[in-house]
1. Between a residue in the range 194-221 that is on the phi > 0 side of the Ramachandran plot and touching a residue at least 24 places away in the same chain (Cβ under 8 Å) and any residue that is in a helix (DSSP H, G or I) and surrounded by 17 or more Cβ atoms within 10 Å (Cβ to Cβ), which pairs come within a Cβ distance under 7 Å, given they are 6 or more apart or on different chains?
2. Tell me the residue from 68, 81 that is touching a residue at least 12 places away in the same chain (Cβ under 8 Å) and surrounded by 18 or more Cβ atoms within 10 Å (Cβ to Cβ), please.
3. Just to be sure before I move on: is residue 169 more than 30 Å from residue 317 (Cβ to Cβ) and free of Cβ contacts under 8 Å to residues at least 12 places away in the same chain in the structure I sent?
4. Look at residue 75 and say whether it is assigned by TED's automatic domain parsing to the domain that holds residue 113 and within 17 Å of residue 108 (Cα to Cα).
5. Among the numbered criteria (1) touching a helix residue (DSSP H, G or I) at 6+ places or on another chain (Cβ under 9 Å); (2) under 14 Å from residue 73 (Cβ atoms), which one does residue 123 miss?
6. Among the numbered criteria (1) in a helix (DSSP H, G or I); (2) more than 18 Å from residue 263 (Cβ to Cβ); (3) over 19 Å from the mean Cα position of the chain (by Cα), which one does residue 179 miss?
7. Is one or more of the residues making up the range 88-101 surrounded by fewer than 16 Cβ atoms within 10 Å (Cβ to Cβ) and closer than 18 Å to residue 24 by Cα?
8. Tell me which helices (runs of 4 or more DSSP H) are completely within the range 222-327 and hold 3 or more residues being farther than 28 Å from residue 89 by Cα and at pLDDT 85 or above, or say none if there are none.
């Protein structure tokens, strides 16, 4: 009888799906089926919080939509409400799996609520203002680096008019200056926080791992040092996932996770294989065993992340005798 009561309580608790647009917030409350719309501004968010305060909220599901979702998520977390961010692609795949092909803001909100009810999600922790600032600076730096690549590619085109090349050179100088300014701001922000500064020292103690990689991990993987090796690998998207069916044993592959973290680990893995004897030997053993290069790099990415996670957890810098088991 006790089991039935607890199941009933779980069913009656509310899961909220919120579709975030520039001007509006479309909300769907499950299981009541109530659809609500609020302005995406301070007054509208205050009205939403007032409404949710009267409910037994089990989970609030929001799509990760760049800067649009950040203010809402921060206000919900500040109100001690359980919030999860989901990849928009995952939400669309879930919608297709339940036969929901139409797409409107109201339908999307309902789909998010059903997705929240039907699958397990990781609840967000509160982010400090400094964490948000660091994330914004790292995001801006990524955008500038992409702009730099694009302008260098244009400059390399032999058919470009002289005026276009002159403009590209001027823009490149400006971009380089802005990247340097952001790098200084990131360094000042990290140096001003004892915890971040120590974590950065630990991460960069691995030969080949740069300060840029450390900054990326601190911004986009703040959980480093707090999770198990399996959890941190899965969160970053470098854990091999099974692909079996009956007697067939398919190839393991990685997917999902946090794209910026994977990109940072990919470059760091190349450097670690070149400059760190331990990762160099590990890569050689895999290559000698006939593993494809892509598999070798992926394995190095995972081993590197697991090693960094354990180092931060133990507050120890890298040394030749530091051993981490990676199953």
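The values are calculated or read from the model by the stated rules, or taken from the named source; none is laboratory data. The structure displayed is predicted, hence computed values, not measured ones. Neighbour counts run over all protein chains shown; Cβ positions are idealised from the backbone, glycine included.
1. Pairs that qualify, where the first residue is on the phi > 0 side of the Ramachandran plot and touching a residue at least 24 places away in the same chain (Cβ under 8 Å) and the partner is in a helix (DSSP H, G or I) and surrounded by 17 or more Cβ atoms within 10 Å (Cβ to Cβ), are 208/268; 208/271; 208/272.
2. Going through 68, 81 in turn, the sole match is 81.
3. Spelling it out, it is not the case that residue 169 is more than 30 Å from residue 317 (Cβ to Cβ) and free of Cβ contacts under 8 Å to residues at least 12 places away in the same chain.
4. In short, no.
5. (1)
6. Here residue 179 clears every test but (2).
7. Yes: the range 88-101 contains one or more residues that are surrounded by fewer than 16 Cβ atoms within 10 Å (Cβ to Cβ) and closer than 18 Å to residue 24 by Cα.
8. 259-275, 277-288, 293-314
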